[in-house]
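For reference, the structure is listed below as C-alpha cells.
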Amino acid sequence: MSRTALILAAHGSRVDPTINAQLNEYATRIDRLGLFDNVAKAFHRGEPTFATVLDQLDADEVTVVPVMTSDGYYCDVVLPQELAKNQRFTQVRLRQTPPVGAHAGAIALVERRARRLILDHNLEAEDVCVAVVGHGTPRHPRSRLATVRLAEALQHAKLSGQVLYAFLGEAPGVESIVERATADAVIVIPFLVSGGPHATVEIPIRLGLQTTPDAAPPFHGRVGDRFIVCDAAIGTHSEIVDVIVDLAMAAAPFHAETLA
C-alpha cells in the first residue's frame, strides 16, 4: 500500500522562531486526525527547506499545501522550483493545492472576524470601514489578487459601509487606510498567515496606533478622529486548520514531472 504524506509549505523565518512554531502547531493538530501517514512542514526560510523535505519522507503520495495567502512569487515560482531540487522528486506522486488564502473558508474566516470585532466594540456595521491588508509584491502581478478578491467578496456580503484593501509591499499602502476611510471606525484585518512582526508591529505602526511591547492583538485606539481596531493575522486563528485540511483532501493527484 502506498504511504501518504502532507507537507505544509510556508515562507517561514530564520529570525523569528515563533513564525515557524506556528506551522508546527498546524502540523501537530492535523497529524492527530490520522488522515495521512506523515504530516510534515517545509519552509523557504527555515528547516526543513522546500528543497530537502521530500528526501526526508518515505511517502509515495505527497500533497503540498502552500500555507500562504495568495498565488504569486513564492507559491507559483519558488515552491515548485525548490521542490524539484529534491532527489526523490521524480519518485513520488505529487500534488500541490491552491494556497490557503484562495480557499472560500479563508474568506469566511475574515468575514467572521470582522463581524466579531464590530460586535465586540459595539459598532454599527454601516458606520464601519473594514480594511484587509495583504503582503503584496511588485515581483509577481498575481500576488495582490487574493486580497483584492477578498475585499470584493466582503463588499458583496454587505459586511460594512465601506471595504478597502491595502498592502505591505505595494500600493495602496497600509498608511492610506486612515486617509481613504470615510467612516469614523475602521476594522483592519491582516490577510497574512504569520502572527509575526508584520501583523503585530508593522501594520499597527503604519496605521498610527500606539501599542506596548507586551500587547497582543486585537489592538485598538484612536488615530486622529478615527477609531481603529487591528486584528491578529488570519493564520493565527484555529479555523485556518480546517481550510488546510479541506484543501489537502480535495486535491487531485498529478505526476511530479508536471511541476518541473
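General remarks:
- Computed magnitude of the charge dipole of the chain (debye, nearest 20; Cβ of K, R +1, Cβ of D, E -1): 280 debye
- Neighbours of residue 241 by Cβ distance under 14 Å: Lys/Arg scored +1, Asp/Glu scored -1, total -2.
- Selection from 183, 6, 22 lying farthest towards where the dipole of the chain points positive, charges on Cβ: 6
- Over segment 104-236, Cα pairs under 8 Å with separation of 6+ residues give a relative contact order of 26 percent.
- Rounded to the nearest 20 debye, the dipole size of segment 104-236 about its Cα centre is 460 debye, using +1 on the Cβ of Lys and Arg and -1 on the Cβ of Asp and Glu.
- Cα gyration tensor shape of segment 104-236, rounded if a/c is under 1.5, else prolate or oblate by comparing a/b with b/c: rounded
- Put simply, the amide H of residue 230, placed in the peptide plane, has neighbours under 5 Å in 188, 219, 220, leaving out anything fewer than 5 places away on its chain.
- Taking a ≥ b ≥ c as the square roots of the eigenvalues of the Cα gyration tensor, an a/c ratio of 1.5 or more together with a/b larger than b/c marks segment 17-148 as prolate.
- Computed from backbone phi with θ = phi - 60° and the Karplus coefficients 6.51, -1.76 and 1.60, the 3J(HN,Hα) list for segment 112-125 is 4, 5, 4, 5, 4, 5, 4, 5, 4, 9, 6, 9, 8, 3 Hz; x is used for glycine and proline.
- For segment 1-134, a simple Cβ point-charge model (Lys and Arg +1, Asp and Glu -1, everything else neutral) yields a dipole of about 280 debye relative to the Cα centre.
- Local net charge near residue 78, Cβ-Cβ under 15 Å (Lys/Arg +1, Asp/Glu -1): +1
- Close amide H pairs (under 5 Å, H built 1.01 Å from N) link residue 68 with 100, 101, residues at least 5 positions away or on another chain.
- The residues packed around residue 183, meaning those with a beta-carbon under 9 Å from its beta-carbon, carry a net charge of -2 if Lys and Arg are +1 and Asp and Glu are -1.
Taken together, the values in this text are just the output of simple stated rules run on the coordinates, not laboratory data. The structure displayed is predicted, hence computed values, not measured ones. Quick reminder, even Gly has a Cβ in these numbers, built from the backbone with ideal geometry, and neighbours come from all protein chains shown.
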